[in-house]
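Have a look at the structure below, then the notes.
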Amino acid sequence: MEKKAFVTKEQIEKIVKTYPTPFHIYDERGIRENAKALREAFAWNPGYKEFFAVKATPNPYLINILREYGCGTDCSSLTELMLSEAMGLDGKDIMFSSNDTPAEEFQYAAKIGATINLDDITHIDFLEKSIGYLPKTISCRYNPGGYFAISNNIMDNPGDAKYGFTTPQLFEGFRRLKEKGVERFGLHAFLASNTVTNEYYPILARTLFEVAVKLKEETGAHITFINLSGGIGIPYRPDQEPNDIRVIGEGVRKVYEEVLVPAGMGDVAIYTELGRFMLAPYGHLITRVIHEKHTHKEYIGVDACAVNLMRPAMYGAYHHITVLGKEDKPCDHKYDVTGSLCENNDKFAIDRLLPQIEIGDYLAIHDTGAHGFSMGYNYNGKLRSAELLLREDGSVRLIRRAETPKDYFATFDCLDFYNRLKF
Ligand SMILES: *Cc1c(COP(=O)(O)O)cnc(C)c1O
């Protein structure tokens with residue numbers, strides 16, 4: 001699929017007069033269309049709900065757009081729970097899918113009425129001790145181990161993942177929870193990440209549905225929801241075919257009717273916790289070319305770096321790059337596109353064929369709407385960028401200001417370092 005930026009050079013030239021680069025910009029129209037398509041794809045299931053994975057893009061303005069389409073939030077930590085609470089979400093719209101969870105996070109989740117998704121069998125006692133009781137509704141995270149494969153194609157390696165209950169632990173856990181008075185159960189699994197195939201969810205659903213039927217038969221647990229979690233991917237590379245969410249929704253429906261309905265479980269709600277699929281394609285990191293360097297390779301130096309987008313440095317991830325204003329020029333120059341960190345892995349692209357680049361060009365780095373800004377950090381004293389929302393009417397709204405040096409100094413609170421500056 002051809003990858004096109006959702007902004008033009010002219011738009012960016014106007015925006016930078018108010019908001020200097022680098023910044024992340026999000027496309028409201030794309031976000032809305034996608035959220036609507038997801039809702040429609042699962043409309044066959046009356047209890048369906050998407051809990052947006054806050055860690056992917058923890059920005060209340062963006063999450064509020066998703067809420068208009070019925071989304072809640074999926075939190076992994078205390079501050080994400082606090083953000084959800086501050087945004088006015090009801091407990092029933094908050095999922096808490098954490099692991100290695102501190103007691104105070106369970107306490108906070110219980111206080112705001114979030115649904116707790118346990119990562120481990122030992123957390124049953126830990127939760128009970130932490131909050132003094134067990135909630136009437138509890139979810140457990142399942143990890144069947146082994147490899148997750150789709151027709152001999154290994155997608156991921158759950159056997160090597162730290163998450164979830166094993167199969168015997170799941171049955172024992174459900175029994176114990178039931179004895180302790182839990183009335184409603186959920187089942188959750190996240191077995192493969194960034195899957196660019198319409199088959200992942202249906203195959204995962206079959207695994208979970210079959211276990212759910214056995215759990216109900218053997219433990220008598222009343223399972224009220226099954227959470228397919230995240231993992232629906234996006235085509236980062238131009239040669240990848242995007243997922244079709246309608247096909248995925250239909251695929252899950254078929255398995256639901258085949259496995260759950262005949263077992264008398266036709267009232268189970270389907271939940272999802274998508275992050276990447278909801279927002280990644282609708283964000284760009286916009287950066288300006290400030291240097292070119294001709295040594296053993298051809299380097300293009302930009303004003304963003306890995307602290308603004310860590311995925312290339314961390315995973316060697318591909319992020320497509322559009323040189324704005326040169327969309328139709330031939331890609332006949334090979335570059336490494338680098339940031340300014342004192343780290344040689346600070347490269348947004350290696351040996352990438354791009355149109356000839358000049359200093360002052362603006363680059364749109366694609367698919368940064370999830371796991372982009374949120375993975376940012378302050379290495380080398382770099383500051384986090386602004387986040388902007390490109391609204392449907394073409395106007396731009398600042399939805400997070402850029403950090404300033406004062407923010408960087410803010411945690412030295414016993415010494416007023418910032419006030420010592422002479423310049
Ligand atoms: C990260 C995460 C998600 C979201 O994953 P995506 O790949 O962004 O869809 C959902 N659930 C849990 C528990 C996660 O850790």
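In this structure, does I131 turn out to be over 17 Å from V211 (Cβ atoms) and assigned by TED's automatic domain parsing to the domain that holds L228?
So I131 passes the test.
Could you say whether any residue in region 37-45 is away from the ligand (no atom under 16 Å from the Cβ) and open to solvent by less than 40 Å² (accessible area, probe 1.4 Å)?
Yes, that holds for at least one residue.
Hey, does region 173-190 have a residue that's of a type in the set (D, E), within 25 Å of T73 (Cβ to Cβ) and in contact (Cβ under 8 Å) with a residue 40 or more places away in the chain?
Yes; the residues of region 173-190 include at least one that is of a type in the set (D, E), within 25 Å of T73 (Cβ to Cβ) and in contact (Cβ under 8 Å) with a residue 40 or more places away in the chain.
Report the residue count in region 364-374 for those that are of a type in the set (A, V, I, L, M) and within 11 Å of the ligand (Cβ to nearest atom).
1
Please go through region 152-194 and pick out each residue that is exposed (fewer than 13 other Cβ atoms within 10 Å of the Cβ) and under 28 Å from I245 (Cβ atoms).
N152, N153, I154
Scan region 362-377 residue by residue and report those that are outside any helix (DSSP H, G or I) and buried (at least 21 other Cβ atoms within 10 Å of the Cβ).
Y362, L363, A364, I365, H366, D367, T368, G369, A370, H371, G372
Out of all the residues in region 54-70, which are within 15 Å of the ligand (Cβ to nearest atom) and either of a type in the set (D, E, K, R) or open to solvent by 10 Å² or more (accessible area, probe 1.4 Å) (or both)?
Answer for region 54-70, where residues must be within 15 Å of the ligand (Cβ to nearest atom) and either of a type in the set (D, E, K, R) or open to solvent by 10 Å² or more (accessible area, probe 1.4 Å) (or both): K55, P58.
Given the structure, is R141 farther than 20 Å from T101 by Cβ and surrounded by 15 or more Cβ atoms within 10 Å (Cβ to Cβ)?
Taking the combined requirement at face value, the residue does not satisfy it.
Looking at region 195-220 only, could you name the residues that are open to solvent by less than 10 Å² (accessible area, probe 1.4 Å) and within 16 Å of the ligand (Cβ to nearest atom)?
Listed by number, the residues that qualify are T195, Y200, Y201, L204, A205, L208.
Condition check ((1) more than 23 Å from the chain's Cα centre (by Cα); (2) of a type in the set (D, E)) across all residues:
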site: P355; (1), (2): yes, no
site: E358; (1), (2): yes, yes
site: Y362; (1), (2): yes, no
site: D367; (1), (2): no, yes
site: G376; (1), (2): no, no
site: N380; (1), (2): yes, no
site: A386; (1), (2): no, no
site: R391; (1), (2): no, no
site: G394; (1), (2): yes, no
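Given the criteria within 16 Å of the ligand (Cβ to nearest atom), touching a residue at least 40 places away in the same chain (Cβ under 8 Å) and open to solvent by less than 60 Å² (accessible area, probe 1.4 Å), does Y19 qualify?
no
I want to confirm something. Restricting to region 148-203 and keeping residues that are more than 23 Å from S98 (Cβ to Cβ) and either of a type in the set (G, A, S) or outside the structural domain of L228 (by TED's automatic domain parsing) (or both), which single residue is modelled with the highest pLDDT?
Here the answer is A149.
For Y108, only one of the following conditions fails: (1) open to solvent by 30 Å² or more (accessible area, probe 1.4 Å); (2) under 19 Å from the mean Cα position of the chain (by Cα). What is its number?
(2)
Any chance region 71-81 includes a residue that's at pLDDT 95 or above, within 22 Å of H371 (Cα to Cα), among the hydrophobic types (A, V, I, L, M, F, W, C) and more than 16 Å from the chain's Cα centre (by Cα)?
Looking through region 71-81, at least one residue is at pLDDT 95 or above, within 22 Å of H371 (Cα to Cα), among the hydrophobic types (A, V, I, L, M, F, W, C) and more than 16 Å from the chain's Cα centre (by Cα).
Could you look through region 221-231, keep only residues that are closer than 13 Å to I270 by Cβ and open to solvent by less than 10 Å² (accessible area, probe 1.4 Å), and pick out the one that is nearest to the ligand (Cβ to nearest atom)?
Looking at the filtered set, the residue picked out is S229.
The values are calculated or read from the model by the stated rules, or taken from the named source; none is laboratory data. All of these numbers come straight from a predicted model, not from anything done at the bench. Backbone-built Cβ (ideal geometry, glycine too); neighbour counts: all protein chains shown. The area values use the complete protein model at the heavy-atom level, side chains included, leaving out ligands, DNA and RNA. Shrake-Rupley method; radii C 1.70, N 1.55, O 1.52, S 1.80 Å.
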